[in-house]
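Before any comments, here is the structure.
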Amino acid sequence: MEKLRQTLRVKKERAILVAAVFGALDGGDNLAELTALAESAGAVVVDRFQQKIRSIKSSTYIGKGKVEQLAGRVKRFKADVVIFDNDLSPGQIRELEKIIEVKVLDRSELILDIFATRAKTKQAKLQVELAQLEYTYPRLARMWSHLDSVAGAGGATAAGAVGGIGTRGPGEQQLEIDRRLVSRRITELKRELTIIDKRRIREINGRRGLFKICLVGYTNAGKSTLLNTLTDAGVVVEDRLFATLDTRTRRWIPAKGAEVLVSDTVGFIKALPHQLVASFKATLEEAVNADLLLHIIDVSNPGALKQIESVNNVLKEIGCGERPILQVFNKVDIVKEIGELEMLQTLFPDAVAISAKTGFGLQRLSEAVAAKYKGTELLLRGRQPVERQGPEFSAGIRHNY
Ligand SMILES: Nc1nc2c(ncn2[C@@H]2O[C@H](COP(=O)(O)OP(=O)(O)OP(=O)(O)O)[C@@H](O)[C@H]2O)c(=O)[nH]1
Ligand SMILES: [Mg+2]
């Protein structure tokens, strides 16, 4: 099982990135994000290109001629892996690998790989493992053929058979054994996660009388930085994608007499694999239960508007499309295009502009949150009293299992 996971790793490998786009090329947005993803996974990007396509080729996604060009570039740049921005079917990956002769990964596999390297808590580890297994389950055949070629067919001949395509040798049996192992492990993971989820739900219920805020937003938008600035939380902040995979909750007093809980959680990205959204449901429960969502937007990023749309889509997917939400324009200290910021302001006139790093605008943010808090205070008083949980609670609630 561990071997299988390693085949999807991109650590310290020389990567060529490919983004196949329909219609007009987007000026490199797709490649910029894919580069950040590949580098977050530890790869070195040696070449990248966008390919305009009119239709998807069922066998190789992009046209055969282009695949051959790609194979040439792989040799020239001594690449170990080709990463597509698009999601590829197991069959397409198999065909591409045959021609290109190095490992081919798609965007979802890359994201899953980053999550796997970032997961620190027991819950996050289980959640990532579940998502990876569910994603890779239909791809097991491909991975075994890949492993066989890596091991010089040693895997297939170990039990005395001549390996190769179409032969019902031990390779095939191994695949069956693996399928069974994977499906057993998936059941096990789901059972373990259910136990952890129950504990989390008890905790969330225990905070019923408090006003809860959840920081949501695109990965790298500055959610953890904001939580740290507001509450001295000491959460790790990094200029890498998916720095945070678990939830931290801290107490914050935005105005006299107004005490709220703020939770920082996992960031979103365009086309987040569904398997990840599903297995991170419990971590995202914080957002579902929040009285107010603060949508943190990196307005220094030229793709901010598209990122807002992606976040809104994930919010809908996890069932909080209708929650009260306040847009927070972060990183205003490094905005270069004032025109774009003004355009965003016309679209979201209530948004509060801040810099989580310099502290700019935090007073206005506190006032805006306090106003929302006052609006629901009466409602909150009607809820059950809060269970105070001793010194651990005042030091901040951690969700590290
Ligand atoms: N200049 C500037 N940089 C910021 C600001 N807020 C955050 N950053 C930087 O942006 C990067 C990402 O910040 P994080 O707080 O880790 O972002 P996040 O939203 O928690 O990211 P994930 O956990 O990956 O979803 C770090 O390098 C921060 O120092 C800001 O207001 N101004
Ligand atoms: Mg974070």
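The values are calculated or read from the model by the stated rules, or taken from the named source; none is laboratory data. In this text the structure is predicted, and so the values were computed from the model without any measurement. Glycine also receives a Cβ, built like all others from the backbone with ideal geometry; neighbour counts cover every protein chain displayed. Just the protein is used for accessible areas: all its heavy atoms, side chains included, with ligands, DNA and RNA removed. Shrake-Rupley method; radii C 1.70, N 1.55, O 1.52, S 1.80 Å.
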**Message:** Using only the heavy atoms of the protein chains and a 1.4 Å probe, how would K336, K372, K270 rank by accessible area, largest first?
**Reply:** K336, K372, K270
**Message:** Computing the accessible area with a 1.4 Å probe over protein heavy atoms, can you report the carbon and sulfur percentage for the stretch 253-307?
**Reply:** 58
**Fill in**
Taking protein heavy atoms only, a 1.4 Å probe, and rounding to whole percent, the accessible area of the stretch 192-237 owed to carbon and sulfur comes out at 52
**Prompt:** Using a 1.4 Å probe, what is the accessible area per residue for the stretch 17-116, in Å²?
**Reply:** 40
**Prompt:** Taking K66 as the anchor, which lysines have their alpha carbon closer than 19 Å to its alpha carbon, excluding any fewer than eight residues away along the same chain?
**Reply:** K52, K57, K75, K78, K98, K103
**Fill in**
Lys and Arg at +1, Asp and Glu at -1: neighbours of V299 with Cβ under 10 Å from its Cβ sum to -2
**Message:** Averaging the inverse of every distinct alpha carbon separation and then flipping it gives the Kirkwood radius. What is it for the stretch 21-79, in angstrom units?
**Reply:** 12.9
**Asked** Sorted by packing (mean other beta-carbon atoms within 10 Å per residue), highest first, where do 89-102, 193-206 land?
**Response** 89-102, 193-206
**Request:** Determine the share of the stretch 332-376's accessible area contributed by carbon and sulfur atoms, expressed in whole percent, with a 1.4 angstrom probe.
**Result:** 56
**Item:** Counted charge near I186, where neighbours are those whose Cβ lies closer than 13 Å (Asp, Glu -1; Lys, Arg +1)
**Value:** +1
**Message:** Run the reach check for K372 against lysines, Cα to Cα strictly under 19 Å, same-chain hits fewer than 8 apart removed. What comes back?
**Reply:** K212, K256
**Request:** Taking all protein chains together and a probe of 1.4 Å, list K316, K256 from the most accessible to the least accessible.
**Result:** K256, K316
**Item:** H274 - accessible surface, heavy atoms, 1.4 Å probe, Å² rounded to 10
**Value:** 120
**Request:** Provide the net charge surrounding C320, with neighbours chosen by a C-beta distance below 13 Å and charges set as Lys +1, Arg +1, Asp -1, Glu -1.
**Result:** -1
**Asked** Put S55, S355 in order of accessible area, largest first, 1.4 Å probe: what do you get?
**Response** S55, S355
**Request:** Compute the length gained on full extension between I99 and R180: take 0.36 nm times their separation in residues and subtract their Cα-Cα distance, giving the result in nm to one decimal.
**Result:** 26.1 nm
**Message:** Can you bin every Cα-Cα distance in the stretch 237-292 into 5 Å intervals starting at zero and give me the percent of pairs per bin, rounded to whole numbers?
**Reply:** 4, 16, 23, 22, 16, 10, 5, 3, 1
